[in-house]
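All remarks here apply to the structure that follows.
The values are calculated or read from the model by the stated rules, or taken from the named source; none is laboratory data. This one's a predicted model, so the numbers in the text were calculated from it and none came from an experiment. Virtual Cβ from ideal backbone geometry, glycine too; neighbours counted across all protein chains shown. Quick note on the areas: whole protein, heavy atoms, side chains included, nothing else; ligands and nucleic acids left out. Shrake-Rupley method; radii C 1.70, N 1.55, O 1.52, S 1.80 Å.
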Amino acid sequence: MEIGSMVAVTLVQIAVVMGVVLLTVAYMTYAERKVLSFMQDRLGPMEVGPWGLLQPIADGLKLFFKEDIIPSGANKIIFAVAPIICLVPALIGFAVIPYNGSFTLFGLEGGGVISDLNVGLLYIFAVAGMGAYGVILGGWASNSKYAFLGGLRSAAQIISYELAMGFSIVGVLLLSGSLSLVTVTEAQAGTWFGFIPQWNIFLQPVAFVAYVIAAVAETNRLPFDMPEAESELVAGFFTEYSGMRFSLFFLAEYGNMILVSCLASILFLGGYKAPLPILEFIPGFVWLALKTWALLFFFIWIRGTYPRVRFDQLMKFGWKVLIPVTLANLLVTALGVYIYNN
Amino acid sequence: MGLIRNIFMTELLMGLKIVFMQMFKPTITLQYPHVKHPIPDGYRGLMSLLRYEDGTERCVGCSLCEAACPSNCIKVVSDEVPGQPLVRYAREYYLDITRCIFCGFCTEACPVDALAMTKVYEAAVYDRRDLMFDKAKLYELGERYLEDGKAYLTHHRMDDGTLHPVEGLGDNRYHFPAVDAEHGGVQPEQIGLTAEALEVEETTR
Ligand code: SF4
Ligand code: SF4
């Protein structure tokens, strides 16, 4: 393929993926409010459009027109840059997410992924780690105790749970023998006995649970939302933010949620692969969307169920339970793979 | 057992199940501006002044409501009905709803059931001056929400019998026995007044 059409295909892919991700973020807020409402016997947003379906648009417009306030004494440059540092890693992670098998559209060939890096997972973890800087800098630059405490907590939390998250996926990497997300997905094709899909969740159940818990903590969601515990810290690191900058943090948080859900469905639930061969007529991106939405629903579900844990409980759980468990799981997996291969 | 429960986090899973089932239970939200709760008869909403069936104003300008009001928000300017000596009415009547605490004492104090409370609770206005009710506004409210006012007085047992003639009503109202008897309302015996006592009162008048 000549270079021009390659660039064009990539640009179109980027545009489509970003569009879908941002749309998902918008409707994730809607879904969250609706699901939480129904869990609490309420109706949620109902006024804007039928069943409040246009609420995200109204909210977006409102945030767009809000006054942008920079608190006095804040470090203006870092204050302005922090939301961007936070948002960019959340979005560029999607570059290596395979959303479909290879396909041909209008005579052009698409790989089903923007860029199939052979170190895709490492890349995601590397850029996701950068997001923590946005949080800390935003908390520090706003010249407010609450924001600063929120930023510190967030940093401590992200660092401790990133370890557990890393350990939990090493097992998957051992099984598929690659860091490329496309290879990981392809390794999960097929079924056992004709009806159990060959997904990693059946080989790595402990790792899956650990990954989900760590993912919740990573994205600062309830019950691990210490950095933005509203009863203690007002809103945590973005207390002083308003208008567009606030919505950038918001986008980053939800973008991160979607990213970790996508990753979980790729690593453990077979990504864009259909669960059974007879269901393969449904295109791959539908499967990925279904799996991701199921995980996102789970995120909302636990938010509606569990109270916030204390900060020391959070740290204790991360270091004393999650990391040893994932380490043990890694050891067992490594042994199993070694024995199987010989 | 306890260990297994801890490892599989059964309690957490049970919590998840309960919350999930809750999602399918009917919601209890009322879409307020579109759907409204039924208001009970005894509801203390905005104040109104009532008229008799023939259109004469009930209020006799006695200022008892003014005296009863704990927040001093009523002002009555009493006057003689032109051409009818000894018959009085309220020439002007002001009620400051911004200060009213909706206690209903004024309606209880009124000897002729002139004041009644309606079921109107959406009193928000853009200009606070609109909440300084004068006589015209109060009578207009009374006309518009006549049924509310009647129901209010009946519910609180202040009905003198001219609104909803029901036996035994009116034991909560302030009684001028003679007035009652004249209007064919509550009879003196009903509130423990004997004919002799009434006689005495008549003569002392
Ligand atoms: S309801 Fe109470 S506060 Fe309001 S006018 Fe009547 S007596 Fe005064
Ligand atoms: S108590 Fe009744 S009759 Fe007397 S002034 Fe007040 S409203 Fe009029």
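Some notes on this structure:
- Residue in the range B:62-119 that is farthest from ligand 1 (Cβ to nearest atom), counting only those that are over 24 Å from B:Arg157 (Cβ atoms) and charged (D, E, K, R): B:Glu80
- Qualifying residue in the range A:99-110 (condition: modelled with pLDDT under 85 and within 18 Å of A:Met257 (Cα to Cα)): yes
- Of all the numbered requirements in (1) free of Cβ contacts under 8 Å to residues at least 12 places away in the same chain; (2) under 16 Å from the mean Cα position of the chain (by Cα), B:Ala68 misses one, and that requirement is (1).
- Residues within the range B:126-149 that are of a type outside the set (Asp, Glu), within 19 Å of B:Phe102 (Cβ to Cβ) and surrounded by 11 or more Cβ atoms within 10 Å (Cβ to Cβ), tallied: 10
- With respect to the conditions (1) within 14 Å of chain B (Cβ to nearest Cβ); (2) surrounded by fewer than 18 Cβ atoms within 10 Å (Cβ to Cβ), A:Asn329 falls short on a single one, namely (2).
- Taking the range A:193-208 as the range and being open to solvent by 20 Å² or more (accessible area, probe 1.4 Å) and over 15 Å from the mean Cα position of the chain (by Cα) as the test, the residues that pass are A:Phe193, A:Gly194, A:Phe195, A:Ile196, A:Gln198, A:Trp199, A:Ile201, A:Phe202, A:Leu203, A:Pro205, A:Val206.
- Residue match in the range B:4-12 (condition: out of contact with any Phe, Trp or Tyr (no Cβ under 8 Å at 6 or more places or on another chain), away from every other protein chain (no Cβ under 14 Å) and of a type in the set (A, V, I, L, M, F, W, C)): yes
- Of B:Phe20, B:Phe24, all but one fail to be open to solvent by 80 Å² or more (accessible area, probe 1.4 Å), out of contact with any strand residue (DSSP E or B) (no Cβ under 6 Å at 6 or more places or on another chain) and within 14 Å of chain A (Cβ to nearest Cβ); the exception is B:Phe24.
- Any hit, the range B:42-63, residues being within 14 Å of chain A (Cβ to nearest Cβ), away from ligand 2 (no atom under 16 Å from the Cβ) and surrounded by 13 or more Cβ atoms within 10 Å (Cβ to Cβ): no
- Residues of the range B:70-84 classified as among the hydrophobic types (A, V, I, L, M, F, W, C), surrounded by 15 or more Cβ atoms within 10 Å (Cβ to Cβ) and more than 9 Å from ligand 2 (Cβ to nearest atom), total: 2
Residue by residue, here is whether (1) surrounded by fewer than 15 Cβ atoms within 10 Å (Cβ to Cβ); (2) in a loop (DSSP other than H, G, I, E, B); (3) of a type in the set (D, E, K, R) holds:
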position	(1), (2), (3)
A:Ala264	no, no, no
A:Leu269	no, yes, no
A:Tyr272	no, yes, no
A:Pro307	yes, yes, no
A:Gln313	yes, no, no
A:Val321	yes, no, no
A:Val337	no, no, no
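- Members of the range B:89-123 that are assigned to a loop (DSSP other than H, G, I, E, B), of a type outside the set (D, E, K, R) and either within 14 Å of chain A (Cβ to nearest Cβ) or within 11 Å of ligand 2 (Cβ to nearest atom) (or both): B:Cys110, B:Pro111, B:Val112, B:Ala114
- Pairs, first away from every other protein chain (no Cβ under 14 Å) and under 16 Å from A:Gln188 (Cα atoms) in the range A:274-303, second open to solvent by 60 Å² or more (accessible area, probe 1.4 Å) and in a loop (DSSP other than H, G, I, E, B), C-beta under 8 Å, six or more apart: A:Ala274/A:Glu280; A:Leu276/A:Phe195
- Among the candidates A:Leu61, A:Leu23, A:Leu43, A:Leu53, residue that is under 30 Å from B:Pro26 (Cα atoms), more than 22 Å from the chain's Cα centre (by Cα) and open to solvent by 60 Å² or more (accessible area, probe 1.4 Å): A:Leu53
- Residue in the range B:27-39 that is nearest to the other protein chains (Cβ to nearest Cβ), counting only those that are within 30 Å of B:Ala151 (Cβ to Cβ) and open to solvent by less than 80 Å² (accessible area, probe 1.4 Å): B:Thr29
- There is no residue in the range A:127-144 that is in a loop (DSSP other than H, G, I, E, B), open to solvent by less than 30 Å² (accessible area, probe 1.4 Å) and closer than 30 Å to A:Val9 by Cα.
- Count of the range A:274-284 residues which are out of contact with any helix residue (DSSP H, G or I) (no Cβ under 6 Å at 6 or more places or on another chain) and outside any helix (DSSP H, G or I): 6
- Near pairs, Cβ below 6 angstrom, 6+ apart or cross-chain, from the range B:102-121 (touching a residue at least 60 places away in the same chain (Cβ under 8 Å)) to any residue that is more than 10 Å from ligand 2 (Cβ to nearest atom) and open to solvent by 20 Å² or more (accessible area, probe 1.4 Å): B:Gly104/B:Arg44; B:Pro111/B:Phe176; B:Met117/B:Arg44; B:Thr118/B:Tyr145; B:Thr118/B:Asp148; B:Lys119/B:Ile39; B:Lys119/B:Tyr43; B:Lys119/B:Asp148
- Taking every residue in the range A:15-39 that is in a helix (DSSP H, G or I) and pairing it with any residue that is acidic (Asp, Glu), at least 6 positions away or on another chain, the pairs with Cβ-Cβ distances below 8 Å are A:Thr29/A:Asp59.
- Test: B:Ala123 is within 14 Å of ligand 1 (Cβ to nearest atom), open to solvent by 10 Å² or more (accessible area, probe 1.4 Å), of a type outside the set (Phe, Trp, Tyr) and modelled with pLDDT under 90: yes
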